[in-house]
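Visitor: Structure incoming, see below.
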Amino acid sequence: MLDQARPFLKLEGVHKTYTLKTTFGPTKEVKALQDVSFSLKRGEALALVGESGSGKSTCGRAIAGMFKIDGGNIEIDGHQVGTARTSKEKRETAKRVQMVFQDPFASLNPTHTVRHHLERPLKLHNRIPAGSTLADELEKTLRDVELDPAATLEKYPHELSGGQRQRINLARALAVGAELIIADEPTSMLDVSIRRSILNLMKRLKDERGITFLYITHDLATAHYLTENTAVMFGGRIVEFGPSDQIVHDPQHAYSKLLLSSVPSAKTRIEADFEHAKDFSNFADKVRQQTAASTAPLEATKDGRLVRG
């Protein structure tokens with residue numbers, strides 16, 4: 001029986017620092033993650049939002065166990081990430097957690113057909129139940145991501161559109177049997193006309209299949225399409241955390257407001273906050289500098305969200 005009271009994904013005080021070698025001068029330390037803590041229930045979605053270098057992708061890769069963290073703890077369904085030792089244990093971890101990356105073409109082997117990309121995980125992870133066949137599961141998996149099996153199975157990645165390729169990447173995660181999908185900027189390289197259809201697909205997989213999603217994006221305005229909660233990140237730290245609708249329509253932290261202001265179509269009430277700024281670029285730099293310099297902790301607001309002072 002599933003323990004619904006226990007978070008499916010839990011991060012506590014996660015730290016990660018990279019040491020970078022420079023051509024001239026001493027090495028440089030980059031604090032990619034600083035005391036990152038949050039939890040996510042099974043079947044829910046959380047958006048990690050921030051600019052490039054904010055730490056959101058590093059956080060996603062840490063959860064997937066792609067490197068060792070320097071401090072803190074990451075648990076998936078009560079099991080600590082990074083403790084797998086044998087090939088079987090590592091395969092079980094990979095089965096539960098899958099990543100869907102930004103570039104839908106680079107994630108697929110151009111020399112293999114869609115059939116190969118889906119048959120391999122179905123066989124490797126024993127995903128063909130009794131009473132079913134490989135052909136049945138291939139058809140079911142493609143229909144789950146709204147693709148026609150007859151028109152898709154024998155095609156190569158270059159014969160598919162960007163949106164179709166990203167659907168194949170989601171189908172591959174389903175073929176593995178993923179319970180948590182970490183989607184890292186999954187729509188940023190797609191045409192605007194099909195971005196929402198991919199978000200709607202992920203939402204359907206979440207609602208109907210109970211799949212948990214970590215949605216990593218730079219676009220704060222899209223967070224509420226898929227996710228219940230949003231964590232805004234800057235400099236490896238969470239600066240605001242709360243319900244996605246609240247953060248999108250009424251951001252509290254200055255950096256959250258800055259992110260949302262860059263989306264012209266977003267309906268917000270924050271335009272007046274920038275009327276006094278003659279040079280928006282300079283104002284944006286000031287917000288970033290103040291956010292980076294702040295040592296204030298996350299504190300609860302009256303509406304229940306967390307905001308760093």
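Visitor: Which shape class applies to the stretch 103-221: rounded if a/c is under 1.5, otherwise prolate when a/b exceeds b/c and oblate if not, where a ≥ b ≥ c are the square roots of the Cα gyration tensor eigenvalues?
Guide: oblate
Visitor: Calculate the spin-label point distance for Asp77 paired with His218, positioning each point 7 Å from the Cα along the beta-carbon direction, and give it in nanometres.
Guide: About 3.5 nm, to one decimal.
Visitor: Figure the gain on full extension for Glu146 and Phe67 (residue separation times 0.36 nm, minus the Cα-Cα span) and round it to one decimal in nm.
Guide: 25.1 nm
Visitor: Beyond a 25 Å Cα-Cα separation, which of these cross-linked pairs lie in this structure: Lys68/Lys257; Lys68/Lys95; Lys41/Lys155; Lys21/Lys95?
Guide: Pairs exceeding the cut-off: Lys68/Lys257; Lys41/Lys155; Lys21/Lys95.
Visitor: Counting only DSSP beta bridges with both residues in the chain, tell me the antiparallel percent, nearest 5.
Guide: Of those bridges, close to 60 percent are antiparallel.
Visitor: With a Förster radius of 41 Å, plug the Cβ-Cβ distance of Thr19 and Arg115 into 1/(1 + (r/R0)^6) and report the FRET value to the nearest 0.05. Before the final figure, lay out the partial values.
Guide: Working: r = 43 Å, r/R0 = 1.06.
For Thr19 and Arg115, the calculated efficiency is 0.40.
Visitor: Right, next: Which percent of the accessible heavy-atom area of the stretch 1-58 goes to carbon and sulfur, probe 1.4 angstrom?
Guide: Carbon with sulfur: 50 percent of the solvent-accessible area.
Visitor: In square angstrom, rounded to the nearest 10, how much accessible surface does Arg42 have for a 1.4 Å probe?
Guide: We get 70 Å² for Arg42.
Visitor: Continuing with this model, one more query. Return the whole-Å distance between the Cα centroid of the stretch 121-152 and the Cα centroid of the stretch 219-252.
Guide: 35
Visitor: Can you send over the carbon and sulfur percentage of the accessible area for the stretch 115-261, probe radius 1.4 Å, protein chains only?
Guide: About 47 percent, which is the carbon plus sulfur part of the accessible surface.
Visitor: Considering only the other residues whose Cβ falls under 14 Å of the Cβ of Leu33, what net charge follows from Lys and Arg at +1 and Asp and Glu at -1? Please report the intermediate quantities before stating the final value.
Guide: Working: positive: Lys16, Lys31, Lys56, Arg61, Lys68, Arg237; negative: Glu12, Glu29, Asp35, Asp70.
So the surrounding residues net to +2.
Visitor: Quick one: length gained pulling Ala300 to Glu208 fully straight, 0.36 nm per residue minus the C-alpha distance?
Guide: Extra length available between Ala300 and Glu208 comes to 29.9 nm.
Visitor: At a 1.4 Å probe radius, which order do Glu185, Glu240, Glu89 fall into by accessible area, largest first? Don't skip to the end; give the middle numbers.
Guide: Working: Glu185 25, Glu240 0, Glu89 85 Å².
From most accessible down to least: Glu89, Glu185, Glu240.
Visitor: With each label point set 7 Å from Cα along the Cα-Cβ vector, what nm distance links Ala292 and Val192?
Guide: With each label point 7 Å from Cα toward Cβ, the separation is 3.1 nm.
Visitor: Sort Arg195, Arg305 by heavy-atom solvent-accessible area, probe 1.4 angstrom, most to least.
Guide: Ranked from most to least accessible, the order is Arg195, Arg305.
Visitor: Quick check: residue separation of Glu51 and Ser262 times 0.36 nm, minus the Cα distance between them. What number comes out in nm?
Guide: Stretched fully, the Glu51-Ser262 segment lengthens by 74.8 nm.
Visitor: Suppose each label sits 7 Å from its Cα in the direction of the beta carbon; what would the Val30-Ile128 distance come out to in nanometres?
Guide: Using points 7 Å along Cα→Cβ, the separation is 4.4 nm.
Visitor: Here's something else I'd like to know. Assuming R0 = 35 Å, can you tell me the calculated FRET efficiency for the pair Asp245 and Glu92, based on Cβ-Cβ distance, to the nearest 0.05?
Guide: So the FRET efficiency works out to roughly 0.45.
Visitor: Measuring with a 1.4 Å probe in the full set of protein chains, what accessible area per residue, in whole Å², belongs to the chain?
Guide: 52
Visitor: Need the C-alpha centroid separation for the stretch 23-54 versus the stretch 164-180, integer Å.
Guide: Between the Cα centres of the stretch 23-54 and the stretch 164-180 lies a distance of 24 Å.
Visitor: Just want the answer: with Cβ charges of +1 for Lys and Arg and -1 for Asp and Glu, which residue in Gln164, Val176, Leu134 is farthest toward the dipole's positive end in the stretch 131-211?
Guide: The listed residue farthest towards the positive side: Gln164.
Visitor: Where does the chain land at 222 nm, in deg cm²/dmol rounded to the nearest 500, when only DSSP H runs of n ≥ 4 count, each adding -39500 (n - 2.57), divided by all residues?
Guide: After summing the helix terms and dividing by the residues of the chain, the value is -10500 deg cm²/dmol.
Visitor: Additional query: Could you sort Val248, Val81 by their accessible area in this structure, using a 1.4 Å probe and putting the largest first? Each step should come with its number before you reach the end.
Guide: Working: Val248 10, Val81 35 Å².
Ranking Val248, Val81 by accessible area, largest first, yields Val81, Val248.
Visitor: Also, I was wondering about something else. Could you point to the label whose value was computed as mean projected area of the Cα convex hull in nm² for the structure here, given [x] 19.2; [y] 15.7; [z] 32.2?
Guide: [x]
The values are calculated or read from the model by the stated rules, or taken from the named source; none is laboratory data. All of these numbers come straight from a predicted model, not from anything done at the bench. Positions of Cβ are generated from backbone atoms using ideal geometry, with glycine treated the same way; all protein chains shown enter the neighbour counts. Note: accessible area is taken over every heavy atom of the protein model, side chains too, but ligands, DNA and RNA are not part of it. Shrake-Rupley method; radii C 1.70, N 1.55, O 1.52, S 1.80 Å.
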